[in-house]
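Report on the structure given below.
Nothing in this text is a laboratory measurement; each read-out follows from the coordinates by a stated rule. Model, not experiment: these values are computed from the prediction. Quick reminder, even Gly has a Cβ in these numbers, built from the backbone with ideal geometry, and neighbours come from all protein chains shown.
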Amino acid sequence: MAFRPSRKILLAVLPALFFSLMTPQANSQEPAHWKTYRHSEVPFEFSYPGDFLLDAHVNAKLGFIFALMKKQNTPWLIDVDFIGRAEYSMEPYSQMSFEQFATAIGRLACDADGPEGSVSCPAVARQKVLQNRNGLEVVEFYLNQVNERYNPPSTTKSVIGPIEAVLLPTGRSGHVLTFKRTDRDRSGLVTDQLLRRIADSVKLAH
C-alpha cells in the first residue's frame, strides 16, 4: 500500500519549501580558498575569491570609503562603495525608502561628463529585493544607460548591471554597500553570479 502523507504534514512542509525556493542563496557558503575583508573601523565584513586582490581605502575619521578588486595582471574589475544615508539629508533623498535610496545612489554614480561625451542612467531597468544568508536586505538592480558622444554626435543606449546593494542598519540612518563591475571589465571576468555571491556573504561586524 502506497504511503500518503497527511494534509497536516504537507501544510507544515510547504512554507519551508517555498521559502527555500525564494532564497536560493540562503544555504550557500564560500569555497575554502575565499578570503574575508575585515577592519576594526568598519561595521561590516564580506568574502571574496582568493585569486582577487583588494585595495580598500579607510579613513580614520570617515571610516570605509571605497575599495577596488582585481585579478593578477588585470585592470580593476569590481568597485565597492559604502554610502551613508546621513550624507544625503536633502530632498528628494530624505523622502526615499531605503530601497529607493540605494537605486538613486546607483544612478547618481553612473553619471559622468567628459570632453568627448557624457554618460547618464536616467532610470532603473529592473530590480528585485532579496535577503542574504545573514539576514541583510539586498537590492539587485539594472540601469538604463545613455552614452552620448559629441564629435561626431551619437547616442547609444544599453542596460548595465547587476548592481548589488546591501542595506546596512548602521550609523545614524543606515548605509548602502554596493558591488558592481567597473567599466574596465571588458572581457567579462566578473560574472553576475560572483557579484551575487559576494553580496550574499556580507554581514555586520561584531
(message) Give me the count of lysine pairs in the chain whose alpha carbons sit under 24 angstrom apart, restricted to pairs 8 or more positions apart or on different chains.
(response) 14
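Taking square-rooted eigenvalues a ≥ b ≥ c of the alpha carbon gyration tensor, is segment 108-206 rounded, prolate or oblate, where a/c under 1.5 means rounded and, failing that, a/b exceeding b/c means prolate?
prolate
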(request) Specify which labelled value, from (1) 19.9, 79; (2) 16.1, 48; (3) 17.7, 50, agrees with Rg and Dmax of the Cα atoms in Å derived from the coordinates of the model shown. (result) (1)
(request) With only Lys, Arg, Asp and Glu charged, each at its Cβ (+1 for the first two, -1 for the last two), find how big the charge dipole of the chain is about the Cα centre; round to the nearest 20 debye. (result) 860
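Run the numbers for N147 and D113: contour at 0.36 nm per residue of separation, minus the present Cα-Cα distance, in nm. Walk me through the numbers on the way to the answer.
Numbers: separation 34, 0.36 × 34 = 12.24 nm, distance 1.00 nm.
Between N147 and D113, full extension yields an extra 11.2 nm.
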(request) For D192 paired with N134, estimate the spin-label separation in nm (one decimal), with each label point 7 Å from Cα along the Cα-to-Cβ line. (result) 2.5
(request) Give, as ranges by residue number, the residues of segment 106-146 whose backbone N falls under 16 Å from the point 7 Å along Cα→Cβ of V159. (result) 121-129, 140-146
(message) Calculate the FRET efficiency for V58 and D183 from the Cβ-Cβ distance with a Förster distance of 22 Å, rounded to the nearest 0.05.
(response) 0.35
